[in-house]
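Single-structure report; data block below.
The values are calculated or read from the model by the stated rules, or taken from the named source; none is laboratory data. The structure presented is a predicted model; accordingly, all values stated were derived computationally and were not measured. Cβ: placed from backbone, ideal geometry, glycine included. Neighbour counts: every protein chain shown.
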Amino acid sequence: MIDSRKPEWLRVRMGATPAYGELKSRLRSLHLHTICEEAKCPNISECWGGGTATVLLMGDICTRGCRFCAVKTANPMRILDREEPERVARSVAESGLTYVVLTSVDRDDLADGGAGHIARTVMLIKEMSDVRVEVLMPDFRGSRDSLDAVVGSGADVLAHNVETVRRLTPSVRDRRAGYDQSLDVLRYLKDRSGRITKTSIMVGLGETREEVTEAMRDIRDAGVDALTIGQYLRPGQRHLPVAEYVNPATFAEYEAEARALGFAMVASGPFVRSSYRAGELYLEGLLAGGPVTAVGEPGVKQFSGR
């Protein structure tokens, strides 16, 4: 464990702008949870101030207990809110946004892990508005039926996070999650859909440079197009301590290495999270001649954050 004092490059200037307050009020009135709040994202002031947020589906209680995550862990002991998909879709339609990121808690208590709920949300968004949709999904314990449900929803970007390197996975993630299981999920999503696939890893948990390189190679071998790399920040005392505050120069080196490995889209930096500047990354892949052949739309507004 290192000194708890953060280096200068990790100091965030927080501030509540009128746009921040307006979005917060709108999300509250619609009874929507966001991963921005639940995961204590360091970009919340920047993103919400710019009118962006990542919607957290299926409540704010997760059935898994990953040791890095601030989301509450318990048995939800409740059925899904059947009105949530339409509520989210109407919110997106009313916002005038052109790019939306949806994520969710793990719901291992449900037969399909909540895949049908996520799929219905995407389909309703597509019916009500002309919006690009990115889904950051659980692993559904590798269930092909659940993964197929999300693929069949029409989501434009299919994401699932590997989170950390192979060696640290058992100590960082819940026992029901796995390094190879996540790679298999990403490989299946790419093979099944042919669409953009995306994942994220954290550094500063005690991994070596060689292990990060190995993880990037494994992820690229699974056909993943987009990669984000960010600094792990400890949400609270019951979570894993930070082993290292990684220098911004190292993040730049990771980005260069990832691009050399063939990733079409890369974001790497201390404050980068899996949905950070998601719409811009999507356009970057299009304009760089990535896996999607459509012409990118300038000025994409996002409903992202984490």
Which listed residue is in contact with a helix residue (DSSP H, G or I) (Cβ under 6 Å, 6 or more places away or on another chain), surrounded by fewer than 20 Cβ atoms within 10 Å (Cβ to Cβ), touching a residue at least 40 places away in the same chain (Cβ under 8 Å) and among the charged types (D, E, K, R), from Arg192, Arg176, Arg144: Arg192
Strands (runs of 3 or more DSSP E) wholly inside the range 35-151 that include at least 3 residues being modelled with pLDDT under 85: none
Candidate set: the range 121-141, residues that are among the charged types (D, E, K, R) and under 19 Å from the mean Cα position of the chain (by Cα); chosen: the one surrounded by the fewest Cβ atoms within 10 Å (Cβ to Cβ): Arg141
Qualifying positions in the range 69-84 - surrounded by 13 or more Cβ atoms within 10 Å (Cβ to Cβ) and either closer than 24 Å to Arg273 by Cβ or out of contact with any helix residue (DSSP H, G or I) (no Cβ under 9 Å at 6 or more places or on another chain) (or both): Cys69, Ala70, Val71, Lys72, Thr73, Pro76, Glu84
Pick from the range 155-185, criterion part of a helix (DSSP H, G or I) and of a type in the set (D, E, K, R), ranking: nearest to Arg238 (Cα to Cα): Asp180
Filtered residues of the range 152-171 (kept if surrounded by 22 or more Cβ atoms within 10 Å (Cβ to Cβ) and β-branched (Val, Ile, Thr)): Val157, Val162, Thr164, Val165
Matching residues, the range 186-205, being of a type in the set (A, V, I, L, M, F, W, C) and either under 18 Å from Cys66 (Cα atoms) or not in a helix (DSSP H, G or I) (or both): Ile196, Ile201, Met202, Val203, Leu205
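So that you can scan it fast, the table gives a plain yes or no per residue for (1) assigned to a loop (DSSP other than H, G, I, E, B); (2) touching a Lys or Arg at 6+ places or on another chain (Cβ under 7 Å); (3) surrounded by 14 or more Cβ atoms within 10 Å (Cβ to Cβ); (4) at pLDDT 95 or above:
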| position | (1), (2), (3), (4) |
| --- | --- |
| Glu207 | yes, no, yes, yes |
| Leu227 | no, no, yes, yes |
| Ala249 | no, no, no, yes |
| Ala252 | no, no, no, yes |
| Phe271 | yes, no, yes, no |
| Tyr276 | yes, no, yes, no |
| Thr293 | yes, no, no, no |
Near pairs, Cβ below 6 angstrom, 6+ apart or cross-chain, from the range 67-91 (closer than 11 Å to Val105 by Cβ) to any residue that is of a type in the set (Asp, Glu) and surrounded by 18 or more Cβ atoms within 10 Å (Cβ to Cβ): Val71/Glu38
